[in-house]
Every structure is written in structure tokens, then in C-alpha cells.
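Have a look at the structure below, then the notes.
What follows is calculated from the coordinates using simple rules that are stated; it is not laboratory data. Note that this is a predicted model, so its numbers are computed, not measured. All Cβ positions, even for glycine, are placed from backbone atoms using ideal geometry, and neighbour counts span all protein chains on display.
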């Protein structure tokens, strides 16, 4: 199964490394969606890394809802390292969902601002 | 330490709406430990505000800075050189820090980004509970190290009231009866004789009843 090419993989030593600000910065820079893929719950080498990540993803989603970007644009998945096809399936699922939701309001607003600036300069 | 809670982002958005250049100012002390106003929270709030205002088509400059402490002149001086670059400061410090910064920068609007809750301890991950009300005359020596002023809703000083049931307060099953805790501890210390001693009337003038409090120490005043 092929994975979509419209997303970028950022490797972490453990999903427990991810922080809310990492997720928010991605959206601030114009990402349309983000998903975190951690190990199966209960299988974390560091015991709680994927549980911590889930909490942070939930908090980031809440903030994105509050600022009008949309909390549904961020999601946490769990799978084992041997589940390549499932990774591809999740990727397709997420990419389709984001396509359905359309571009992030942050990206659209940034583009609009850039156009206005260009027009004013000209 | 001082326990604070983050204010809802919506409330902060409304407070800063009319300013264009905003500084989010964190504090490295108590509010960092209780995860309400440290460097991380500053970053998250600044990012959230930036995204909100961008989507509203408003260009605002939202900067971030975290001081070692906001309740000390020396550290607050750090931002003096840049203060003219801002129209308002959102301080994520406790009420003390917000007020101290406001006193220092007289013409700068200072907006609180957290609600200061109490003096407490981190009992468990994500759980902070009150332990002290700064009443100004500590009775812990007599009460086995458990404070009836902060942990008893009625602040009674000579044993439990009639609302104590099965070790719980009449406020609800989640609140321990402070006097039950005191008695249990005095028993463990084999000091139940102390429990029988009637406490003198407490001098509440050292509490808020005497108005804002001041500590003056000539020995450290150089």
C-alpha cells in the first residue's frame, strides 16, 4: 500500500518527546493537519511516552478549537512498528480528512495577507 | 508555593484585542512548577494568540519573554530596555508579579494571564491542593503539622465541628476533615494530650483582618 506524498514525517525518539508547542508551531507555520503516531498503548519503552503524547495532542486540539483553527486537524494514532500497511492506512485516512476540511484558516489568512501586502507595494 | 490556573484563551483574547504589540511575560518560579505561567505556557499562549489574530486578518506582534521572577525589582528591570516596543503586557505570573510589574511600568497596561488560586502543594500529577492561608501566626506546632486554618472550611481551632462524618467534611466526600487528620496525626505522635489543651483565641490581626500585611526586617535592611 502506498502512502500519500502530501505530508512530511518528523522523527522523534519517542512520542513522549512531543510538546504542545511543537504541534502549535506546525499550524502557525501553515500546516493543514498533523498526526502523531505512537507505539501501542501499554507497549511504550519508556512506559508513559505515548500516554503523555495523547494528552498533549488533546490539549493542542483544544487550543486549536479555541483559536478557530479546528481541533479535528490534529490526531493521535497508535500502532506497532511492524504495522506498515496500517501506517499507510492511517496516513490516507488523515490526508483524506484534511482534504475534506480544506486548507488551514491560518494558511489561508497568511496567503491573503501576503497578497494584500504585494498589492499595496505595487 | 503559589498555585495558579491558566485563564481561558477566550478571556485573554478579549483583553488584548485592542493592542497591537503585546508581550507575553512568564515567570520562572511557582507558576512554572504548577504549569500555568512558565516558559512553556508563554510559548503556547503566544502561538495560540498569533494564530487567532492571523485568522482574523489582524497583524499583531506577539512577543515572548520569561523572567526569573516577577516579584523582584532586579528581574523586572530586564525588560525595561524593550518596554517601549509594546502596547500591553500579559503577565503569566501570580497576582504578586502582575502587580509588581504594573507598579514598575506605570504607563504600561498589565493584563493577568492566570488566576492565582492559593498557597498549596503538588499532591499528584495534575493535582494541587491548598495547604496554607498565610494567616501570619502559625499553629502547626500544636496541630500535628496539619493546618486547621487552611484545611478546615470553618477554620475552627479546637477540634472538629458537628459536620465531620467518617473523617470527611460536610462540604462533601472529597474534602477531608482537617481535625480528623490532626487527631490521627496526634495519635500517631502519641501526643493526644495536646488535643485536650484549649487553644487561646487566635490573633486574627495578622491575617487579612488587619488589612494588607507588611514584613519589616531591620536586620536585613542594609
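Observations on the model:
- Ranking of B:191, A:107 by count of other Cβ atoms within 10 Å, fewest first: B:191, A:107
- Judged by the mean number of other Cβ atoms found within 10 Å, the most tightly packed of the peptides B:23-32, A:5-14 leads the ranking B:23-32, A:5-14.
- Considering all different alpha carbon pairs of the range B:133-207, the Kirkwood hydrodynamic radius works out to 12.7 Å.
- Taking the C-alpha atoms of the range A:14-77, convex hull volume expressed per residue in Å³: 64 Å³
- Computed over chain A, relative contact order equals 33 percent, with contacts defined as Cα pairs under 8 Å that lie 6+ residues apart.
- Average other protein chain Cβ within 10 Å of Cβ, residues B:8-19: 1
- Longest to shortest principal axis, alpha-carbon extents of the range B:91-222, angstrom: 56, 39, 24
- Shielding by other protein chains, B:36-43, mean Cβ within 10 Å: 2
- The modelled label-to-label distance between residue B:102 and residue A:62, using points 7 Å beyond Cα along the C-beta direction, is 2.7 nm.
- Expressed in units of 2.2 N^0.38 Å, where N is the residue count, the Cα radius of gyration of chain B is 1.27.
- Within the protein assembly as shown, antiparallel bridges make up roughly 40 percent of the DSSP beta bridges whose residues both belong there.
- Euclidean distance of C-alpha centroids, the range B:1-72 and the range B:82-140, integer Å: 13 Å
- FRET efficiency, 1/(1 + (r/R0)^6) with R0 25 Å, evaluated for residue B:132 and residue B:166 via beta carbons: 0.45
- Peptides B:177-186, B:10-19, ordered by how many other C-beta atoms sit within 10 Å of their residues on average, highest first, read B:177-186, B:10-19.
- The range B:133-207, relative contact order in percent, only Cα pairs under 8 angstrom and at least six apart counted: 35 percent
- Long-range tail of P(r) for the range B:2-118 (Cα pairs > 17 Å, %): 48 percent
- Packing-based ranking, highest mean first, of A:40-51, B:44-55 given that Cβ atoms within 10 Å are counted: B:44-55, A:40-51
- Plainly put, the range A:15-121 has a radius of gyration that is 1.07 times its Kirkwood radius, both from alpha-carbon atoms, as the Rg/Rh ratio.
- Cα-based Kirkwood hydrodynamic radius, the range B:181-222, one decimal, Å: 13.8 Å
- DSSP bridge pairs, chain B: antiparallel proportion in percent, nearest 5: 45 percent
- At R0 = 45 Å, FRET efficiency that the Cβ-Cβ distance of residue A:118 and residue B:219 yields, to 0.05: 0.10
- Inter-chain neighbour count for B:49-60: the average number of beta-carbon atoms from partner chains within 10 Å of each residue's beta-carbon is 5.
- Helix B:95-104 and the longest principal axis of the C-alpha atoms of chain B enclose an angle of approximately 40°.
- Mean separation of Cα contacts under 8 Å, 6 or more apart, over the residue count of chain B: relative contact order %: 17 percent
- An ellipsoid equivalent to the protein assembly as shown, defined through the eigenvalues of its Cα gyration tensor, has semi-axes of 47, 30, 16 Å when rounded to whole angstrom and sorted largest first.
- Helix-only arithmetic for the protein assembly as shown: the sum of -39500 (n - 2.57) across DSSP H runs with n ≥ 4, divided by the residue total, places the mean residue ellipticity at 222 nm at -11000 deg cm²/dmol.
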